[in-house]
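Heads up, the thing below is written out as structure tokens.
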Amino acid sequence: MRMTEDEADSCLQPTCEDSAVNDNRGHFVDATIYKEHTDAIKLPKVARTPEAEIDLFHPRPPLLPRLSKAGKSVSVDGTTRTRRLRNSQESLSDPAETGSSTDSLKEEQTTSAPGGFIHSRAAVSGNNQASSVRPVSAAVTGSPGLSEYERRPRSQQSDSTEHRARSSRVRLSPVQSARLLPALEKNFASATLKAANQIDGDCLDYGTLAREKLQRNLSDSRLLENMGFDSTSVNSMKSSYSVLSPIRPQDVRNRSFLEGSVLGSGALLGAEELDRCFPDRRVGVYVATWNMQGEKGLPGNLDDLLLPTDSEFAQDFYIIGVQEGCPDRREWETRLQETLGPYYVMLYAASHGVLYLSVFVRRDLMWFCSEVEHATVTTRIISQIKTKGAVGVAFIFFGTSFLFITSHFTSGDAKVYERILDYNKIIEALALPKSLPDTNPYRSTPSDVTTRFDQVFWFGDFNFRLSKDRGEVENIMKQAVGNDMSSLLQHDQLSKEMKEGSIFKGFQEAPVHFRPTYKFDIGCDVYDTTSKQRTPSYTDRILFRNRQSDDIKVVKYTSCSNIKTSDHRPVMAVFQVKLRPGRDNIPLCAAQFDRTLYLEGIRRRMTREMKRREAMNQSSSTICSIS
């Protein structure tokens, strides 16, 4: 007996809406769910073979209905199936309808509610259900592919309840960005220390620069591993909260700081730290020389000498050398500290009789300086008389060695040969360096101290004169156009001897565009009016020498005409000096400085400022009188 197609379909319908249907395997399923899945697998109305009719009466697990592109499907009981994204950062405008590889979609049963909201019933473990209300816009579109259950063989598929539970979570392919992300702005000027020329605030944000250098540091570490250098500190974990890298205990155990590599990023004086403080690898050096003529009275203000108004930035190092200094050397150093203020500290000071040499450095750069060494040489026949000679101060900053020499040569118009002897004695007898390592021993010679350092600055009262009568010199100065003194320097004894190679071998001098600095009447701009009528001359000079060409660039070379307490005018120069990374075998100064001098200078500075404000308040106040 054959059944018609309508009779076969009626056998699959339950007799009651809430009744349970037996699938002939002992499993009972809800009638509404059973009807929903059986509707999806209705056979087309075609001619059926006897084998197909027999197979029709054997129940089979229903297939999961595909979701429409609208992202929802209507079940028998009127509920709406939607999907929502777990991650709020998923792209909702992806034309490929793809989701994140790390986030999944959760299927919910929702029903429409008044006011444009959807009531959702989330499936949870057990019999508990949580109801929530969210806007309709939360529903998203998407059409997933075949589920894992549908790809399995029919013999391994379980009942519809297990299938529905497994198919509630779907993994989607990764989301492709719809647009390119904006490039990071590399503003190194705001992230670096700017120690080369400028004073910044004490609190700077180095986080941006640290993050930008992270990838480069990691690539450098892989390179160093293949080169065989000491790179244990390079492999330390990088911190995103500070420019300093954390140090692992095993690095502290294994690192030999006496054999530190220049390329290692963990070196305190290495390339990474140098680039952080000085992106262009140049440091600003200010050098000043002044013959004070032994006067007890100091200028009321040294701002014009150390901090001229025509300079845009202050420098990193201030080196001040004086000849015939004032009797109270401590008072002179205190005045220098008071003028430079709290940004600078006195790194070192040395003297030889009345020759004083003071080194001031920016407070935040002390950590990169080595120990400071000094030596003195007297050029007098009687060594107890220390008015003529030289004082030398040497130190290493990062991997660059510096030597500063201030000297006072023999005076006299015709004593050129004696001054050459003074020079030769100084370069042979100045015992530097002592314990500091030579950064380039292959270019050093035992008979010349200036060859043992990378950057050398020699300044002072050399006492070389102009080989002309005073009248002729004054006529040349009157005919000079502006600051062009080339015609006057043709008669300069020092320039002549340097060209012949008899003195200051390898040294250079910047072009001179200022008037002779010797000899003036004290307190005015008139040259010597005494009975001796000395010829104006360029006795005060600043020279420099470097191992590598173009390592020193001259920014300024001039004289200070506002300080008139001596018969000499101070001469100052500003340089930009090339730096190189150093090794960890350099003995550091441990940021030691003259703290007592620092506090006294700051106290005087505050007192001076308070007096100035009081004077301004008194001058601006008025007194009313009643008659």
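The values are calculated or read from the model by the stated rules, or taken from the named source; none is laboratory data. All figures in this text were calculated on a predicted structure; none of them were measured in a lab. Glycine gets a Cβ as well: all are built from the backbone with ideal geometry, and neighbour counts include every protein chain shown. What goes into the accessible areas is simple: the full protein's heavy atoms, side chains included, and nothing from ligands, DNA or RNA. Shrake-Rupley method; radii C 1.70, N 1.55, O 1.52, S 1.80 Å.
Tabulated results
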quantity	calculated
G471 in a strand (DSSP E or B) and at pLDDT 90 or above	no
Region 575-585, residues that are surrounded by 18 or more Cβ atoms within 10 Å (Cβ to Cβ) and either small (G, A, S) or over 23 Å from the mean Cα position of the chain (by Cα) (or both)	G582
Residues located in region 359-406, provided they are in contact (Cβ under 8 Å) with a residue 60 or more places away in the chain and among the hydroxyl-bearing types (S, T, Y)	S370, T387, T400, T406
Positions within region 570-605 being assigned to a loop (DSSP other than H, G, I, E, B) and over 22 Å from D454 (Cα atoms), in sequence order	P570, A590, A591, Q592, F593, D594
Matching residues in region 551-574 - criterion: being of a type in the set (G, A, S) and surrounded by 16 or more Cβ atoms within 10 Å (Cβ to Cβ)	S559, S566, A573
Matching residues in region 596-605 - criterion: being touching a residue at least 24 places away in the same chain (Cβ under 8 Å) and open to solvent by 40 Å² or more (accessible area, probe 1.4 Å)	E600, R604, R605
Only one of V372, V361 that is modelled with pLDDT of 95 or more, buried (at least 21 other Cβ atoms within 10 Å of the Cβ) and not basic (K, R)	V361
Residue in region 554-565 that is at pLDDT below 95 and either over 46 Å from the mean Cα position of the chain (by Cα) or within 27 Å of F453 (Cβ to Cβ) (or both) present	no
Complete set of residues in region 454-496 that are without any contact (Cβ under 8 Å) to a residue 60 or more places away in the chain, touching a strand residue (DSSP E or B) at 6+ places or on another chain (Cβ under 9 Å) and open to solvent by less than 20 Å² (accessible area, probe 1.4 Å)	L488, D492, L494
Check on T400, among the β-branched types (V, I, T), at pLDDT 95 or above, closer than 29 Å to A314 by Cα and in contact with a Leu (Cβ under 9 Å, 6 or more places away or on another chain)	yes
Meets criteria (free of Cβ contacts under 8 Å to residues at least 60 places away in the same chain, more than 26 Å from F398 (Cα to Cα) and open to solvent by less than 10 Å² (accessible area, probe 1.4 Å)) for W290	no
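Per-residue answers, yes or no, for (1) open to solvent by less than 10 Å² (accessible area, probe 1.4 Å); (2) assigned to a helix (DSSP H, G or I); (3) among the acidic types (D, E); (4) within 22 Å of S358 (Cα to Cα):
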position	(1), (2), (3), (4)
S407	yes, no, no, yes
G412	no, no, no, no
Y417	no, yes, no, no
K425	no, yes, no, no
A431	no, no, no, yes
T439	no, no, no, no
